[in-house]
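Colleague: What follows is a structure written as structure tokens; I'll ask about it next.
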Ligand SMILES: [Ca+2]
Ligand SMILES: [Ca+2]
């Protein structure tokens, strides 16, 4: 049985396949529009937009962060049990500033590193 982190990584990796099809051999087209997140240039602008939509769909109170409750809802939607263990593992891996919630940036970095 795959771990919950692997399940979550698989969901994020679906976007990576889109990146490769968008950029061909991972080279940006010459006329590529301004990237909304230059620090995440390994993801296409379209992927970042998809990540944003995904993030905001779970950020129910619109505070720009996924708190424990919102993270639990996300896990359940992904078919991953929202156990304290699973949530803790994600926070340990992704919550860089240790505020016990995930920013969009932390989510992208977590996605990049997984
Ligand atoms: Ca929130
Ligand atoms: Ca955080």
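Only the coordinates and a few stated rules stand behind these numbers; no lab work does. Owing to the predicted nature of the structure, the values given are computational and were not obtained by experimental measurement. Here the Cβ positions follow ideal geometry from the backbone for every residue, glycine too, while neighbour counts run over all protein chains shown.
Colleague: Return 101, 53 ranked ascending by Cβ neighbour count within 10 Å, so the fewest neighbours appear first.
Modeller: By the 10 Å Cβ count, ascending: 53, 101.
Colleague: Where does each of 39, 49, 106 land when they are ranked from fewest to most other beta-carbon atoms within 10 angstrom?
Modeller: 39, 49, 106
Colleague: For region 68-114, what is the per residue volume of the convex hull drawn over the alpha-carbon atoms, in cubic angstrom?
Modeller: Per residue, the Cα convex hull of region 68-114 comes to 72 Å³.
Colleague: What length, rounded to one decimal in nm, is gained on full extension from residue 34 through to residue 77, with 0.36 nm per residue of separation minus their alpha-carbon distance?
Modeller: Working it through step by step, the gained length comes to 12.2 nm.
Colleague: What's the exposure ranking of 110, 37, going from fewest to most Cβ atoms within 10 Å?
Modeller: By the 10 Å Cβ count, ascending: 37, 110.
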